[in-house]
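Report on the following structure.
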Amino acid sequence: MFRSIEFNFRKRLPRRTMLRGTGVSLAIPHLSAMHAAFADPKTNQGPPKRFVAMTLGLGLHGPNLNPSEAGKDFKPSRYLQAIDDLRSSYTVISGSSHPGVGGGHKAEASILTARNVGASGGGRNTISLDQYLAKHLGGETRFPSLVLSSSGSNSPSYTENGAMIPAQDRPSRLFDQLFVDDSPAARDQQAQRVREGRSIMDLVSSDAKRLSKSVGSADRDRLDAYYTSVRDLELRMAASEEWALKPKPKVDAKRPVDIGNGNDFVGRQRLMSDMIRLALETDSTRYIVYHLGGSGGVVPLPGVEEGYHSLSHHGRDEEKLEQLAVVETAIIAAWGDFLRSLGQTDEQGHSLLDQTSVLLTSNLGNASNHSNQNMPVLLAGGGFRHGQHLAFDDKNNYPLPNLYVSLLQDQGLPVDQFASGTTTMRGLEFKNT
């Protein structure tokens, strides 16, 4: 049995201070006092709004992606030719980036947070756009959010405390998670785990009160914010207990067979995109991040002979650029097929695409020189007026976080700021205005 913590007011708190109760302990956040020590049931309000972010680890070659013309009468670029039939459903955004964010590849962590983590990646991150949505609106579905990847567990999805959320990279396991029911005994066991976890704050409450009295006002504010996040987690766990006892939705689709070839970048993209559509269609979740990291090997496409990562660092070599264009054209084409599948899925008289904002972007505007300026941005679906190229200044970039404010408002959140974004994106209009 653990003893409660006793505080010596003349000494600083050790960094590993824990809140302890009967049989449990809970780590607390870093405080200044430590510096010197080492889907509920659907409502009748119409179909819900949703958000999907697809993030690329190796960017997209700007000259092949962005049209030469701004506005609605743009001619489709090389990459956009494959999705020109969808032009009324998407917007191209050029000349934008996250103010103050650098670090090249390390800025993968900043794609959806717009928080600079530095070239070493050691800076403290904060909540990502998807998790902000899940925190405020994700309680009505079995899964408040899904975090996925094409390969590995890395993701651009972060909690408000700056912890990365590991991604699921196997479509077969995701299918089981979404659609295969556990046995009754396993359901009961899962519900019991949730109940046990939900009682942690009760068990450590006396220690929490004593700790709050022993620190300064700034630390008390940090602790209050931390306790609030723990209580929010407990509320979500309570909802999880209810979902653990409910059967999962049934779908006609067969369990997917995972693609073993890690270099088949586009094949994996298409397979996971199919799973994302099923997750949205069954309202299993409404907020999804899918990170398409960079394959180092040769993508099995005709005309491609060098590894994808090497091609992205082309150094303006024409042969590499041509092979890179083959890969990236296929990526955009697969993204277009995903949009078409959403557009063909009806939900209460609306297409799933009309209800889902789909963002495609990357931290790298130019992978060859690791630039985080001029990020590639395509936005489709949702409650926006599309069919245009918003061309901002490629020398003095427009703040991309303003787009995130627009996305939050489209989802129904009455906010006017996210990260360094302080207004909605200029030129991007809502359908209902």
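Taken together, the values in this text are just the output of simple stated rules run on the coordinates, not laboratory data. A quick note: this is a predicted structure, and the numbers were derived from the prediction, not measured. Here the Cβ positions follow ideal geometry from the backbone for every residue, glycine too, while neighbour counts run over all protein chains shown.
Counting 0.36 nm for each residue step from Glu242 to Glu69 and taking away their Cα separation leaves a gain of 57.1 nm.
Relative contact order, whole percent, for segment 318-433 stands at 17, derived from Cα pairs under 8 Å and 6 or more residues apart.
Taking GluC sites (Glu not before Pro) across segment 47-141, the ones in a DSSP loop with at most 12 further Cβ atoms lying within 10 angstrom of their Cβ are Glu69.
So between Arg316 and His105, what do we pick up on full extension, going 0.36 nm a residue minus the alpha carbon distance? Working shown, then result.
Numbers: separation 211, 0.36 × 211 = 75.96 nm, distance 1.89 nm.
Stretched fully, the Arg316-His105 segment lengthens by 74.1 nm.
The dipole here belongs to segment 318-433: it is taken about the Cα centre, uses +1 on the Cβ of Lys and Arg and -1 on the Cβ of Asp and Glu, and is about 260 debye. Here each label is just a point 7 Å from Cα along the line to Cβ, and for Asn154 and Ala119 those points are 1.8 nm apart. Magnitude of the charge dipole for segment 382-433, about its Cα centre and with charges confined to Cβ atoms of Lys, Arg (+1) and Asp, Glu (-1), is about 80 debye. A DSSP coil position with no more than 13 other Cβ atoms inside 10 Å describes none of the chymotrypsin sites (Phe, Trp or Tyr not before Pro) in segment 261-334.
Dividing the Cα radius of gyration of segment 243-325 by 2.2 N^0.38 Å, with N the residue count, gives 1.48. Residue ranges 141-151, 293-303, 274-284 sort as 141-151, 274-284, 293-303 when ordered by packing (mean number of other C-beta atoms within 10 Å per residue, highest first). Spacing of the modelled spin labels on His309 and Ala185, each 7 Å from Cα toward Cβ, amounts to 4.5 nm. The order of the peptides 57-63, 311-317 by mean Cβ neighbours within 10 Å, most packed first, is 57-63, 311-317.
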